Amino acid sequence: MRMVFRWFGEGNDTVSLGQIKQIPGVEGIVWALHDIPAGEAWPMERIREVHNQAAKFNLHLDVVESVNVHEDIKLGLSTRDQYIQNYITTMERLAQVGVKVICYNFMPVFDWTRTELHKKMNDGSTALFFEKSRIDGIDPFTFVEQINQNSTLTMPGWEPERLSHLTSLFEAYKDVSSEDLWGHLAYFLKAVVPAAERLGIQMAIHPDDPPWPIFGLPRIMTSQENLRRLLALVDSPSNGITLCSGSLGANPDNDIIAMIHEFHDRIPFAHIRNVRVYDNGDFIETSHRTQDGTVDITGIVKAYHDHSFSGYARPDHGRHLWGEECRPGYGLYDRALGIMYLWGLWDALERIQPMDRKEGIV
């Protein structure tokens with residue numbers, strides 16, 4: 001397991017590279033050029049700028065999250081071919097600085113969705129929270145206004161320039177079914193996966209978060225069955241999964257451990273985090289500790305260890321602790337604590353059964 005840490009860039013993150021470097025076992029950053037609109041090719045000089053910043057701390061850039069997919073590709077419009085070519089151009093430039101994994105998603109309009117960014121927990125910390133009844137009873141335009149009032153930092157997947165076209169986006173998706181979206185994803189992958197193979201890059205799709213339709217928009221990366229279908233669209237090691245235990249874990253019917261056992265050789269990147277799911281469908285993001293949530297983090301780490309997982313992993317959304325002012329879900333303290341919890345599990349498993357002496361799955 002190769003530990004990495006998401007970083008939003010100089011001037012766009014409350015966490016510094018110097019702080020990241022001090023977290024034991026972290027070898028690289030998970031990054032992106034968040035100010036480049038979806039569909040535009042990333043400038044090589046900007047890519048090299050981030051490379052040089054990370055190199056000063058001996059941190060690699062192996063994982064990018066995300067090179068966002070333009071809505072015209074998801075909608076299957078005639079303009080998608082140019083945006084796909086721009087995507088491939090970006091991939092070619094990323095390969096020049098050693099990028100090996102590109103995490104992306106195929107969620108229409110919205111990225112991850114929460115109803116509250118600082119829900120107070122019993123211990124005094126705050127966390128991202130999803131209240132199902134609130135989503136069911138609010139129109140998306142009001143919801144976007146409320147979310148954008150909560151933070152001065154850019155929220156990944158909630159960029160203002162994209163959401164300013166919300167009315168036209170909803171109109172465009174009005175007649176797009178789940179099967180249509182599957183077809184548009186297949187078209188995209190059949191174009192970019194050969195380029196990924198040539199460049200030594202693995203494409204790794206992120207599950208929908210949460211894993212069910214939002215505001216009537218189709219969502220298709222929601223279950224083990226759907227991930228299986230995704231991998232079959234283009235059967236290549238360069239067509240893979242970012243397995244996010246928190247996103248998929250919001251639906252208790254998802255067996256994440258079974259997914260790891262089935263897809264382990266197609267998971268180049270893992271997001272490991274916990275959520276507590278309530279009977280009414282609400283969920284809140286907790287510490288990474290297994291006992292604090294509904295997701296079996298201990299079992300998940302063991303499943304990766306069983307398969308000698310050598311891909312990249314990062315702690316995902318953390319709580320906001322000790323008065324830290326940060327991008328919601330992306331502070332320093334709880335993610336650093338999460339890393340040490342994950343390393344503790346991994347190191348204990350290594351003591352019990354070192355990977356180089358294992359004889360198959362335990």
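Residue check, Ile36 against (1) touching a residue at least 12 places away in the same chain (Cβ under 8 Å); (2) of a type in the set (A, V, I, L, M); (3) within 30 Å of Tyr83 (Cα to Cα), all met but one. Which one?
Among (1) touching a residue at least 12 places away in the same chain (Cβ under 8 Å); (2) of a type in the set (A, V, I, L, M); (3) within 30 Å of Tyr83 (Cα to Cα), Ile36 violates only (1).
Do the conditions hold for Gly28, that is, is it in a loop (DSSP other than H, G, I, E, B) and either in contact with a strand residue (DSSP E or B) (Cβ under 7 Å, 6 or more places away or on another chain) or more than 30 Å from Glu350 (Cβ to Cβ) (or both)? First the steps, then the outcome.
Values: in a loop (DSSP other than H, G, I, E, B): no; either in contact with a strand residue (DSSP E or B) (Cβ under 7 Å, 6 or more places away or on another chain) or more than 30 Å from Glu350 (Cβ to Cβ) (or both): yes.
So Gly28 fails the test.
The conditions are (1) surrounded by 15 or more Cβ atoms within 10 Å (Cβ to Cβ); (2) charged (D, E, K, R); (3) closer than 30 Å to His305 by Cβ, and Glu27 fails exactly one of them. Which is it?
With respect to (1) surrounded by 15 or more Cβ atoms within 10 Å (Cβ to Cβ); (2) charged (D, E, K, R); (3) closer than 30 Å to His305 by Cβ, Glu27 is out only on (1).
When you look at Ile257, is it assigned to a strand (DSSP E or B) and over 14 Å from the mean Cα position of the chain (by Cα), yes or no? Break it down into steps so the answer makes sense when it comes.
Values: assigned to a strand (DSSP E or B): no; over 14 Å from the mean Cα position of the chain (by Cα): yes.
Answer is no for this residue.
For the range 309-322, state whether one or more residues are surrounded by fewer than 17 Cβ atoms within 10 Å (Cβ to Cβ), over 20 Å from the mean Cα position of the chain (by Cα) and of a type in the set (S, T, N, Q).
First pass over the range 309-322, keeping only residues surrounded by fewer than 17 Cβ atoms within 10 Å (Cβ to Cβ): 310, 322.
Now restrict to residues that are over 20 Å from the mean Cα position of the chain (by Cα): 322.
Going one step further and asking which of them are of a type in the set (S, T, N, Q), we end up with none.
Within the range 309-322 (the criterion being surrounded by fewer than 17 Cβ atoms within 10 Å (Cβ to Cβ), over 20 Å from the mean Cα position of the chain (by Cα) and of a type in the set (S, T, N, Q)), the answer is no, since none of the residues qualifies.
Against the definition (of a type outside the set (Lys, Arg), surrounded by 21 or more Cβ atoms within 10 Å (Cβ to Cβ) and in contact (Cβ under 8 Å) with a residue 40 or more places away in the chain), how does Met259 come out, yes or no? Give the steps one after another, and end with the answer.
On the way: of a type outside the set (Lys, Arg): yes; surrounded by 21 or more Cβ atoms within 10 Å (Cβ to Cβ): yes; in contact (Cβ under 8 Å) with a residue 40 or more places away in the chain: no.
It is false that Met259 is of a type outside the set (Lys, Arg), surrounded by 21 or more Cβ atoms within 10 Å (Cβ to Cβ) and in contact (Cβ under 8 Å) with a residue 40 or more places away in the chain.
Kindly indicate whether any position in the range 78-92 is at pLDDT below 95 and in contact with a strand residue (DSSP E or B) (Cβ under 8 Å, 6 or more places away or on another chain).
No - not one qualifying residue is present in the range 78-92.
Name the single residue, out of those in the range 61-87 being of a type in the set (A, V, I, L, M, F, W, C) and surrounded by 17 or more Cβ atoms within 10 Å (Cβ to Cβ), that is nearest to Phe141 (Cα to Cα). Step through it out loud before you land on a result.
Of all residues in the range 61-87, those of a type in the set (A, V, I, L, M, F, W, C) come to 61, 63-64, 67, 69, 73, 75, 77, 84.
Still in the running and surrounded by 17 or more Cβ atoms within 10 Å (Cβ to Cβ): 61, 63-64, 67, 69, 73, 75, 84.
Numbers: Leu61: 36, Val63: 33, Val64: 30, Val67: 25, Val69: 22, Ile73: 23, Leu75: 20, Ile84: 29 Å.
Filtering first and then ranking leaves Leu75.
Are there any helices (runs of 4 or more DSSP H) wholly within the range 137-250 with 1 or more residues that are farther than 30 Å from Ala303 by Cα, modelled with pLDDT of 85 or more and not aliphatic (A, V, I, L, M), and if so which?
Working: elements: 140-148, 160-163, 166-172, 178-199, 224-233, 245-249.
In the range 137-250, 166-172, 178-199 are the helices (runs of 4 or more DSSP H) which contain 1 or more residues that are farther than 30 Å from Ala303 by Cα, modelled with pLDDT of 85 or more and not aliphatic (A, V, I, L, M).
Looking only at the range 247-255, decide whether some residue is within 22 Å of Val63 (Cα to Cα) and not hydrophobic (A, V, I, L, M, F, W, C). Spell out the reasoning first.
The initial filter retains those residues of the range 247-255 that are within 22 Å of Val63 (Cα to Cα), namely 247-248.
Still in the running and not hydrophobic (A, V, I, L, M, F, W, C): 247.
Yes, the conditions are met somewhere in the range 247-255.
Any idea which of Thr242, Thr294, Thr286 is of a type in the set (S, T, N, Q), within 17 Å of Arg319 (Cβ to Cβ) and surrounded by 22 or more Cβ atoms within 10 Å (Cβ to Cβ)? Full working, then the answer.
Working: Thr242 fails: within 17 Å of Arg319 (Cβ to Cβ); Thr294 fails: surrounded by 22 or more Cβ atoms within 10 Å (Cβ to Cβ).
Going through Thr242, Thr294, Thr286 in turn, the sole match is Thr286.
Go through the residues of the range 273-284 one by one and say whether even a single one is free of Cβ contacts under 8 Å to residues at least 60 places away in the same chain, among the aliphatic types (A, V, I, L, M), in contact with a strand residue (DSSP E or B) (Cβ under 6 Å, 6 or more places away or on another chain) and on the phi < 0 side of the Ramachandran plot. Give the steps one after another, and end with the answer.
In the first step, residues of the range 273-284 are kept if they are free of Cβ contacts under 8 Å to residues at least 60 places away in the same chain; the result is 274-279.
In the following step, the residues that additionally are among the aliphatic types (A, V, I, L, M) were identified as 275, 277.
With in contact with a strand residue (DSSP E or B) (Cβ under 6 Å, 6 or more places away or on another chain) added as a condition, the list becomes 275, 277.
The next check asks that each one be on the phi < 0 side of the Ramachandran plot; those that pass are 275, 277.
Checked the range 273-284: at least one residue is free of Cβ contacts under 8 Å to residues at least 60 places away in the same chain, among the aliphatic types (A, V, I, L, M), in contact with a strand residue (DSSP E or B) (Cβ under 6 Å, 6 or more places away or on another chain) and on the phi < 0 side of the Ramachandran plot.
The values are calculated or read from the model by the stated rules, or taken from the named source; none is laboratory data. Here the structure is a predicted model, which is why all the values come from computation and not from measurement. Backbone-built Cβ (ideal geometry, glycine too); neighbour counts: all protein chains shown.
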